Structures are given as structure tokens and as C-alpha cells.
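Colleague: Dropping a structure here in C-alpha cells format, bear with me for questions.
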Amino acid sequence: MVLVPLTLLSWLALVSSLEPGKETKDSKTNAKLPPCGACTNLVTSFEAEMDRTKRGKLGGGDAAWEEKSGQKYATSEVRLAEITEYLCKYVTRGETQCHHHHGEWEELIEQWWGLDMETRPSMRQWLCVEQLAVCCEADHYGADCKPCDVTGSNGKLCSGNGKCKGGGTRKGNGKCSCSREYAGEECDKCSSGFYESFKDASKLLCSPCHKACASHCSGPGPKACAKCEKGYEMNTEHGCMDIDECIVSKPCTKDKFCVNTEGTFRCMACDKSCSGCDSDGPDNCAECAEGFQLNKNKVCVTDKAAGRIFTIDNTRFFTYAGLVVATCIIFHKNWIVASGVGAFVAVYISLTEYYLANNTMNGDLQPTPGTLDAITQQFQQGNLGPM
């Protein structure tokens, strides 16, 4: 009974390991690079370790022999041992292959190390190109290491806007592989989606078309588009202009409202109090959802909230009535004190009503300005969770 789930888990693990686009640590470590790439990988690691040890000094070991031979640390066996100790350890891919080649090419590496430091060729040139014959010199390609010869009118290889296919390896055909902005056999033209923003005898600069353009354009901005991208339409005066899909096609379902963005749109969920809406919030409902009803301010509130007796308006009037009753009680005890209290109550009620009449307040509970600012800031930062 246990074998079935274990087998299933094994298959799932295998499938996930084969999922395209995901490379595990083990797959990177055990990756098999092509011959030139593998040799270049080892050389790059060796040169990194040379840089790490360039400030080292001789210490310990057979110092007398070092002095007698006149050998310095820079070319010593001690430094070579320190380099090879960490060789291949920090390569991003093909570490296992790198260690294997180190063991296989160890004698050749020692031969190169023994050459005169001032006159010896680079390690890649000596090891990968001359000894192992798995790479070519820069800007040479193919089995015979032919020179890349596709040059533009400015005399530069691929007009300086691309690379030679197979350059530096024993593969390729020597043709130009242009950078994404450029096209043509010599990479001397702008590719689709780019326009010629600068050109002289030695340089061509291609810049991207405006995002409203579909493929070709003659210059910067939406007016230079030959054709508009999806979500835009051609305007005779302004070029490609954004289409407001929210007005043109009403693309969202009933429980969502449409927000237009440049080139497209977004459908956002209505407030929970709404059954259909035009915008965000309980004051923009087409109808109130079940369990909610429209109050006197045209806002959908819960049935419970709508049936409350003690709203701010009602509570205010109850307060006024209480103050008047208290004044009457005091009047029976001391009419002088009652007169002063009555005057105060009259002024308080007058000022309160005047303030409410000249400010946008209603009978529902309202957040303070500070609370509103805090909510707005959280919403803009995307940190406003469900309340």
C-alpha cells in the first residue's frame, strides 16, 4: 500500500526536475558545456584565482630553495597550488566538468605556468586555441578558425552593432548576429520597432519606437507610428491615442468596475455592499447587495446600520433635549444659575448647528482627516488589506 504514493512522489519529483525554465543547483553543477565553453570556463576560474592571489607572498616551505632559484611568489609553485586549491569552486555552471578537465589538463596547465610570465600568451590562447584546439581567437570562427570578415561601411565588424556568429569558437558561419536594435547582413539598419535617431560616417544609433506603435515608426512619439499597437487608435492630429475600453466596450462583469490604463484596462472588484457598480466604494453602487440598503445619503449600508436609532443626528438632538431639561431642573433651584446655563446651552446649540450647516457632514460616522490620510497612504502603497 505504501509503494503507490512513494512511486507517485518519485514521478512528481522527476517531472518537476524536468520542468522547462527551471535549473536546479545540481543541474548547474553537472551541466556539460561544449568544448570551447568548458575550456573557457576553466580558464576564467583560473584567472579569477590569479587575481585573488596576486598580493600574496612567500612564507614557510623551502624558503632556501626559493631564494636560491630566484623564484618569486608570482610564478612560484606555492601560488599555483593556492590557485588550483580553489579552481572551479565558484563557477556558475559545469563545476563537475571543470574539475574533470583540471585533472585531465593538469600537465598542460603546469607547462603554461612555467613559461616566462612577461612573454607567455594568455592562458586561453595557449591552452584552448593552440594546445587543445577547441576554441579560436577572438573574431575567428569555424573548424579552421577563419577570420570574421563582415564589416560595415565604417570598417567595424558587423558595423559595431553585433557579433560574429561562432566568433572565438570552432563553430558558426561567420555571419553577423545583430543586437536587437539593429538588422541587415552588416547590422547597419534599424530593426522593426526602432527608428534612426542618430547617424554619421562611423555610428548608427537606433532608438525604440513609442509604446503606442506597432512595429515600424519614423521617429519618436506616438505621431510617428506607422500603425498603432493594440489598445490604441490613430488620431489625425495626435497620432496613436489610448482607447478608453471602459467607455467603448464595457468589458467588465457586473461585480467589477473598469479602470482604464494606457493601452489596456483593469477590472476591479466592486465594494461588498454593491450588486454592480460604476466605481469603488459603497457610494457608487448600481444596486445594493443582499443584506444592504440605500441610506438617505445614497450610500449602501448594512440593514443593521440602516435601522439604528442612535445615529449622530439623533444623538445630537437627544443631547440638546437633555441640556434643556437640565436647565429647567436648575431653574427650579436657582433661576440666576439657570439663566447662565441656559445662555450657555443656547450659544452651544447655535454654534453647533451653524458649524454643521456650513461643513460637509452627515449623520453617519466619519473618519477623521488623519485616519483618511493614513488609509490613502496605505492604499497607494498596496498595503491595505481586508477590513
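The values are calculated or read from the model by the stated rules, or taken from the named source; none is laboratory data. This is a predicted model, so every value here is computed, not measured. As a convention, Cβ positions derive from the backbone with ideal geometry for all residues, glycine included, and neighbour counts pool all protein chains shown. Protein only, heavy atoms only, side chains kept; ligands, DNA and RNA dropped before computing areas. Shrake-Rupley method; radii C 1.70, N 1.55, O 1.52, S 1.80 Å.
To keep it simple, each residue is scored yes or no on (1) out of contact with any Asp or Glu (no Cβ under 9 Å at 6 or more places or on another chain); (2) part of a helix (DSSP H, G or I); (3) modelled with pLDDT under 90; (4) basic (K, R).
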{"site": "C206", "(1), (2), (3), (4)": "no, no, no, no"}
{"site": "K230", "(1), (2), (3), (4)": "yes, no, no, yes"}
{"site": "T253", "(1), (2), (3), (4)": "yes, no, no, no"}
{"site": "C258", "(1), (2), (3), (4)": "no, no, no, no"}
{"site": "M268", "(1), (2), (3), (4)": "no, no, no, no"}
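Colleague: Do we find a residue being open to solvent by 80 Å² or more (accessible area, probe 1.4 Å), modelled with pLDDT under 90, charged (D, E, K, R) and closer than 30 Å to P222 by Cα anywhere in segment 299-309?
Modeller: No, because not a single residue in segment 299-309 is open to solvent by 80 Å² or more (accessible area, probe 1.4 Å), modelled with pLDDT under 90, charged (D, E, K, R) and closer than 30 Å to P222 by Cα.
Colleague: OK, next. Considering every residue within segment 156-172, establish whether at least one is surrounded by fewer than 15 Cβ atoms within 10 Å (Cβ to Cβ) and either among the aromatic types (F, W, Y) or out of contact with any helix residue (DSSP H, G or I) (no Cβ under 8 Å at 6 or more places or on another chain) (or both).
Modeller: So far as segment 156-172 goes, no, none of its residues is surrounded by fewer than 15 Cβ atoms within 10 Å (Cβ to Cβ) and either among the aromatic types (F, W, Y) or out of contact with any helix residue (DSSP H, G or I) (no Cβ under 8 Å at 6 or more places or on another chain) (or both).
Colleague: Of these, S153, S159, S202, S207, which one is without any contact (Cβ under 8 Å) to a residue 60 or more places away in the chain and within 28 Å of the chain's Cα centre (by Cα)?
Modeller: Unique residue meeting the criteria: S207.
Colleague: Counting just the residues of segment 182-202 that are closer than 27 Å to E137 by Cα and at pLDDT 95 or above, which one comes out surrounded by the fewest Cβ atoms within 10 Å (Cβ to Cβ)?
Modeller: E185
Colleague: I've got another one for you. Kindly list, by first and then second residue, each pair from a residue in segment 284-301 that is closer than 18 Å to A269 by Cα to a residue that is among the aromatic types (F, W, Y) and open to solvent by 40 Å² or more (accessible area, probe 1.4 Å), limited to pairs with Cβ atoms under 6 Å and residues at least 6 apart or on different chains.
Modeller: Taking only residues 6 or more apart or on different chains, the pairs are C300/F292.
Colleague: Given (1) loosely packed, with under 13 Cβ neighbours inside 10 Å; (2) under 30 Å from the mean Cα position of the chain (by Cα); (3) without any contact (Cβ under 8 Å) to a residue 24 or more places away in the chain, where does E237 come up short, assuming only one miss?
Modeller: That leaves (2) as the condition not met.
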